[in-house]
1. In a GNM of the chain with a 10 Å cut-off on Cα contacts, which of Val241, Val267, Val33 has the highest mean-square fluctuation?
2. Which angle from 0 to 90°, rounded to the nearest 10, does the C-alpha axis of helix 240-253 make with the longest principal axis of the chain?
3. Sorted by accessible area with a 1.4 angstrom probe, largest first, how do Ile21, Ile405 fall?
4. List every residue whose amide H lies under 5 Å from the amide H of Arg356, counting only residues 5 or more places away in sequence or on a different chain, with H placed 1.01 Å from N in the peptide plane.
5. Lysine pairs in segment 41-173 8 or more apart or on different chains: how many have alpha carbons under 28 angstrom apart?
6. Give me the one-decimal nm value for the distance between modelled label points at Glu47 and His235, 7 Å along each residue's Cα-to-Cβ direction.
7. Calculate the spin-label point distance for Arg165 paired with Gln378, positioning each point 7 Å from the Cα along the beta-carbon direction, and give it in nanometres.
8. Measure nothing but the geometry: give the 0 to 90° angle between the long axis through the Cα atoms of 155-164 and the longest principal axis through the Cα atoms of the chain, rounded to 10°.
Amino acid sequence: MEKSIKKVVLAYSGGLDTSIIIPWLKENYNCEVIAVTGYLGQDDEMEGLEEKALATGAAKIYIEDLRKEFVENYIFPTLKAGATYEGKYLLGTSFARPLLARRQVEIAEAEGADALAHGCTGKGNDQVRFELTYKAFNPTLKVIAPWREWNIRSREDAIAYAKARNIPISASPDKIYSNDTNIWHRSSEGGILEDPWQPPPESIFETTVSPENAPDTPEFVEIDFEKGIPTKVNHKKMGAVALLSFLNDLGKKHGIGRVDIVENRLVGMKSRGVYETPGGTILYAAHRELESLVLDARTLHFKDSMAPTYAELVYDGLWFTPLREALDAFVDHTQKKVTGIVRLKLYKGNIIVQGRKSPYSLYREEFATFGEEDVYNQKDAEGFINLFGLPLKVKALIDIADTGISEFRKPDYSKFKRD
């Protein structure tokens, strides 16, 4: 431990880990601690936060509402990219960390601090996400990661540490889950969830109702997009935060957005996470439907092939990188005509598309029906098939010339006769 450290800026949530980190830093580094909290929509965690931080030893705490920046500059770019990690996870924790870490660095510079600290464990992804952002913005600041230094090895140990110092915490041996909540999602890990055979208990869900308990009557919603960005719900124009909040309430009501995934962590191990992303799941579904209407096949397919790379960059903490910025430039170009309306039906955990329209639609009924000879002459298909299939034809002719039979000869179905 470097005793030369005088002032540390801590990414502070008020949860179990960061609650005990403030006294731990003071005990072990004899330094001043400044807490930084970014409000991203974690309403239940904000009550009494300032009093708690100061009572446990913080010299000062910054609490900043970052929701608008979070939605507009982190969530919407990822939505436009169509990025999902391993096909299921909508990256709710992943892209929150770069925003928080960047602001943490800015405050450290303003306060003249010489170190940064976070409460991420040495087993998880978040330590990477925070520290890569630190390196991108100011690599001269020292980094303190208590979970990689102290003798606390479990959440039970952390609870005992807090109780010994009379630090108020909400975690208990009976409520051992690790949660992260923001305006985009809620994640749950730990406890019984560490057994992938066990179903998640209903008690862990807070931002979605069970689909079984959702209304028996479906609800319809229309979402307007302009250049890939959602701007209206049911014809009412809304700001980014209000729009997402509205869709969260709608999705929660109908049991939308639950995901149970065993994912591959960046650090090399698998973990099981349960995520709730009600409004985000609705937006992803609507955005995809509009893209299917306005993007040509090759652009759409290439964008689909790029989306997993974008998701991995976000998941791995590589938000502030040239590649992510370059991919954003490509995505933004594809979104120039992603403007229109999508109508969805929400029913017991399901999102059912009811319609989509756009002034830039590439779908034309008169073309699709092949009704006009000046649009599509069916006789042209013969020449197209001959050219498209030419490699297959040439290979078969060579096979026949060499061996007397095509490599792709018909199988002997007599081997599969019934008894």
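The values are calculated or read from the model by the stated rules, or taken from the named source; none is laboratory data. Computed from a predicted structure; not experimentally measured. Reconstructed Cβ throughout: ideal geometry from the backbone, glycine too, with neighbour counts over all protein chains shown. Heavy atoms of the whole protein, side chains included, go into the accessibility calculation; ligands, DNA and RNA do not. Shrake-Rupley method; radii C 1.70, N 1.55, O 1.52, S 1.80 Å.
1. Val267
2. The angle comes out at about 80 degrees.
3. Largest accessible area first, the list is Ile405, Ile21.
4. Correct list: Arg343.
5. Taking segment 41-173 as the scope, the lysine pair count is 18.
6. Going from the Glu47 label point to the His235 one covers 4.0 nm.
7. The answer from the label model is 7.9 nm.
8. For helix 155-164, the angle is close to 20 degrees.
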